[in-house]
1. Would you check which residues across segment 164-192 are at pLDDT 85 or above and either among the polar types (S, T, N, Q) or loosely packed, with under 11 Cβ neighbours inside 10 Å (or both) and list them?
2. Mind checking which residues of segment 160-202 are among the hydroxyl-bearing types (Ser, Thr, Tyr) and closer than 20 Å to Trp116 by Cβ?
3. Which ones in segment 43-55 are touching a Ser or Thr at 6+ places or on another chain (Cβ under 9 Å) and modelled with pLDDT under 85?
4. Taking His32 as meeting all but one of (1) at pLDDT 60 or above; (2) open to solvent by 30 Å² or more (accessible area, probe 1.4 Å); (3) of a type outside the set (A, V, I, L, M); (4) more than 25 Å from Lys154 (Cβ to Cβ), write down the number of the exception.
5. Can you report the number of residues in segment 139-194 which are not hydrophobic (A, V, I, L, M, F, W, C) and not in a loop (DSSP other than H, G, I, E, B)?
6. Quick one: in segment 92-138, of everything that is of a type in the set (S, T, N, Q) and either under 26 Å from the mean Cα position of the chain (by Cα) or in a strand (DSSP E or B) (or both), which residue is surrounded by the fewest Cβ atoms within 10 Å (Cβ to Cβ)?
Amino acid sequence: MKQHLSSISIAASVLVLAGIHYTRAEEGGGGHYAPGAAASFADMLPGKPAFAVANYFMGYDGGASGSQPLPFPVHGNIAFDVNSQAYCDSVLALYETPLKLAGADYGLGLAVPYIWLEVDGKVTGPLGNTMNMRNTANGLGDITLYPFMLGWKKGDFKAGLWFGVYAPTGDYDRGRLANVGKNYWTFEPTVSVSWLSSKIGLEATA
């Protein structure tokens, strides 16, 4: 199942340093989604009416530096030589209903992340001066809502279509390097496909 899905999503809330690639699509180059957070056979609905609760833990340690570091925006700052340590523990509650929609099982879910974050780097001030900054933060991150989750199943083949909404529930303070929230909404459609042979599973347990 998904992290924060993370958020990550869960979890994605903590990847303020994805700007190491200098992407400009979002501030700091990092969004809510954490790459790889949903990449297993568990990222599907159960396939029958059920209520499930799962816990996910995610750790991140990285930085954006080099011999000629490029500056990038982080929460209102122009920063470079940035390093971060982040941990996120997310709880996902999922309910697959008995309802059908477009021939698929219908479910909905909610992911709640708690984040611990430490960020340090060099920040350019309003007068062009450079200063070292270090911030820590912890608390509730941006909650992810899944108003609809669709799952199709035929034999060992499964397909899913999820729609996630990241709400800006995490604390955010413009000017800080470390923020557990992003301060904006994100809408994330997800398509998943999996095939896991039941014959292989039976042979392995025989």
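The values are calculated or read from the model by the stated rules, or taken from the named source; none is laboratory data. On a predicted model such as this, the values are computed, not experimentally measured, just so you know. Quick reminder, even Gly has a Cβ in these numbers, built from the backbone with ideal geometry, and neighbours come from all protein chains shown. These accessible areas exclude ligands, DNA and RNA; they are computed on the full protein's heavy atoms, side chains included. Shrake-Rupley method; radii C 1.70, N 1.55, O 1.52, S 1.80 Å.
1. Thr169, Asn179, Asn183, Thr186, Phe187, Pro189, Thr190, Val191, Ser192 - these are the residues of segment 164-192 that are at pLDDT 85 or above and either among the polar types (S, T, N, Q) or loosely packed, with under 11 Cβ neighbours inside 10 Å (or both).
2. Within segment 160-202, Tyr166, Thr169, Tyr172 meet the criteria.
3. Here is the first cut: in segment 43-55, the residues touching a Ser or Thr at 6+ places or on another chain (Cβ under 9 Å) are 43-44, 49, 54-55.
Selection gives Asp43, Met44.
4. Failing condition for His32: (2).
5. Of segment 139-194, the ones not hydrophobic (A, V, I, L, M, F, W, C) are 139, 141-142, 144, 146-147, 151, 153-156, 158, 160, 164, 166, 168-176, 179, 181-184, 186, 188-190, 192, 194.
Applying the additional criterion that residues be not in a loop (DSSP other than H, G, I, E, B) yields 139, 144, 146-147, 151, 153-154, 158, 160, 164, 166, 186, 188-190, 192, 194.
Total satisfying the criteria: 17.
6. Step one: of segment 92-138, the residues of a type in the set (S, T, N, Q) are 97, 124, 129-130, 132, 135-136, 138.
This time we only want the ones that are either under 26 Å from the mean Cα position of the chain (by Cα) or in a strand (DSSP E or B) (or both), so: 97, 124, 130, 132, 135-136, 138.
Numbers: Thr97: 15, Thr124: 14, Thr130: 14, Asn132: 9, Asn135: 17, Thr136: 13, Asn138: 15.
It comes out as Asn132.
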